[in-house]
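Okay, so here's the structure we're looking at.
The values are calculated or read from the model by the stated rules, or taken from the named source; none is laboratory data. All figures in this text were calculated on a predicted structure; none of them were measured in a lab. So basically every Cβ, Gly included, is an ideal-geometry build from the backbone, and we count neighbours across all protein chains shown.
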Protein chains: 2
Amino acid sequence: MRIGIIALLSLFILGCGEKPAETSAVAAEKQQNFKWKLVTTWPKNYPGLGSAPENFAKKVEAMSGGRLQVKVFGAGQLVPAFEVFDAVSQGTAQMGHGASYYWTGKSKATGFFTAVPFGLNAQEMNGWLHYGGGLELWRELYDQFNLIPFAGGSTGVQMAGWFNREINSMEDIKGLKMRIPGLGGDVITRAGGISVTMPGGELYTSMQTGVIDATEWVGPYNDLAFGFHQVAKYYYYPGWHEPGPILELIVNKDAYATLPADLKAIVETAARAVNQDMLDEYTARNNTALVELVETHGVDVRKLPDEVIAELSRLSDEVLAELATDSEIAQRIAESVAAFKQQAMAYHGISEEAYYNARNQ
Amino acid sequence: MRIGIIALLSLFILGCGEKPAETSAVAAEKQQNFKWKLVTTWPKNYPGLGSAPENFAKKVEAMSGGRLQVKVFGAGQLVPAFEVFDAVSQGTAQMGHGASYYWTGKSKATGFFTAVPFGLNAQEMNGWLHYGGGLELWRELYDQFNLIPFAGGSTGVQMAGWFNREINSMEDIKGLKMRIPGLGGDVITRAGGISVTMPGGELYTSMQTGVIDATEWVGPYNDLAFGFHQVAKYYYYPGWHEPGPILELIVNKDAYATLPADLKAIVETAARAVNQDMLDEYTARNNTALVELVETHGVDVRKLPDEVIAELSRLSDEVLAELATDSEIAQRIAESVAAFKQQAMAYHGISEEAYYNARNQ
């Protein structure tokens, strides 16, 4: 069949001495090329977090045959990390990759779509977003900012963090200077600690010099790379403040509207694929990094006492109850996620959780 | 395609019309349309399992602008369920959706890529497949059958099943007639039970008439639809035999080779998206189905005794050790998955598992 067309084309070209082009407006639209900018809140190619937007761009370019090219900018290359939201909202860039809880200054309700203390883990967040009404609420919230959000990856449950102070009771949280942003930080403050927000790049030196007593970051894969084991005495678990943080890919609504239907589908599906891919990467690489931390570097891995966990959980409920009063939509989101959590705890209690426990026997 | 040729012919006949057509052989190849058949081991549109291939087909068609159309056939519509593998291998259909452990008659090693007793859960299977070398081994194994496998969804950990006999000790497994296929069935046989294989459609009546004493199926979402609560006394957890079964999308190698690069990327990315989508669906719908089973139907949900879990785990190790001796590649796969499991148990012990336990306090 192809040979026939080429033969036909040859005849046509020989006859007219011209190179023919598109046949119709439809074909012209389908063939239109798009060059998009994607700004991120991570340094360019930061392991795990920063590879997701790169993978997204590669998948989109491959699937579209180059019709939609996405150029990824690390934090500060086009706009600073914390201007990603505004840049995409205003169309300076067509897309962004970051975390919704960076934008609580725009609306406190954004915090629900990354992670809340003692909330959903990654599997549950994905269930809630894609089959539990979560994504619809997220889109409703972001619509006023001219943005369409997609889930854009997860690290899995994060570690409680690196500490230079033993935590044996809630007394040890009092006066603790800990780098822990967001709602987790609010909980630490309520517990009598001092929550500090600072960029990842400053944490190593701040721990080393005693400017802070503790810091959470992500998990073994990223933490090993930062070398926190060299400047901290204890590595505490379980993470309670970010049990399954979901990152976001955000798209400027006007830019999205200009895409033909096939490229829209390509953006949506690439986001979904990247969303899983990041969790797969963290699952595999956290495993091997933990082995290195413990066996090569002799890290002292400790469990937070049950009493501390229970009290942090109680304080988290207070913080979330207050957050829900922020706006009408915050209230609806809080109710949606709380209802999902209640059911997920019941089912995962006899499935995933029960299986983990059974496998350890 | 035909329209393109007619347009071209019209132009040619008109002489040198001002709306010229395709410019090159490359463009002509890119515009080629493909109509593929996808055969499945499930009834057409079976909830969860059967919706994955439908979603895959929709995504591929949307992303390709209709250039790759995938028609989904339920079990028995084009070929019977258990001929899916051969049909795709031989090119009767270009694609299939099912579970690799249905094909242990071809090679026992296929069993590793769905689930093994006391093995990896869904999150861990995805980590192993995509960042732990699992997918490469799977593709090596399937290459001899002219097939390329992709992960094609997961139900999450499955329930231990429905029983009409109380399980208080291993004595109660002796003589138990249970529908449980695959490696789980081998374990039950070693424990003195009688493992039976029969299609899902026969299970309700078999339980009702006492032909079998117990059956596993999937989890609350699918089990509720089958009405097992009407014919069984107890619903046991945790599932131990299929902790995170991964389904498969298989593609005929020759058919895949005929696709241009963009359509290959579309197939691969759609598979990845569907792989996560199914787990999201099961996570959300198992939650709500469990509520209905317990609150509306008063189902008696019971935990298998620790002693039984420990003994089933020991017998599973025996079954897996035997499986590994089947072939050189089975040995390599067994070693790869065992190494991943060891690390995953260490890391998930202080992350996902520890978090589930902490949240319950």
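The table below gives the values:
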quantity: Test: residue in segment A:11-21 that is at pLDDT below 95 and crowded, with 18+ Cβ neighbours inside 10 Å; calculated: yes
quantity: Strands (runs of 3 or more DSSP E) contained entirely in segment A:25-122, each with at least 1 residues that are surrounded by fewer than 19 Cβ atoms within 10 Å (Cβ to Cβ) and at negative phi; calculated: A:34-40, A:68-73
quantity: Residue within segment B:126-142 that is surrounded by fewer than 20 Cβ atoms within 10 Å (Cβ to Cβ), away from chain A (no Cβ under 14 Å) and modelled with pLDDT of 95 or more present; calculated: yes
quantity: Filter result for B:A344 (among the hydrophobic types (A, V, I, L, M, F, W, C), free of Cβ contacts under 8 Å to residues at least 24 places away in the same chain and surrounded by 14 or more Cβ atoms within 10 Å (Cβ to Cβ)); calculated: no
quantity: Residue tally, condition out of contact with any strand residue (DSSP E or B) (no Cβ under 8 Å at 6 or more places or on another chain) and without any contact (Cβ under 8 Å) to a residue 24 or more places away in the chain, over segment A:289-316; calculated: 7
quantity: Listing of helices (runs of 4 or more DSSP H) fully contained in segment A:243-347 that carry 1 or more residues being closer than 30 Å to A:K106 by Cβ, within 13 Å of another protein chain (Cβ to nearest Cβ) and not basic (K, R); calculated: A:261-291, A:306-324
quantity: Residue within segment A:222-238 that is more than 7 Å from chain B (Cβ to nearest Cβ), under 27 Å from B:V274 (Cβ atoms) and of a type in the set (D, E, K, R) present; calculated: no
quantity: Residue that is modelled with pLDDT of 95 or more, outside the structural domain of A:G175 (by TED's automatic domain parsing) and among the hydrophobic types (A, V, I, L, M, F, W, C), where the choices are A:A232, A:A257; calculated: A:A257
quantity: All positions within segment A:345-357 that are touching a Gly at 6+ places or on another chain (Cβ under 7 Å) and within 17 Å of A:S313 (Cβ to Cβ); calculated: none
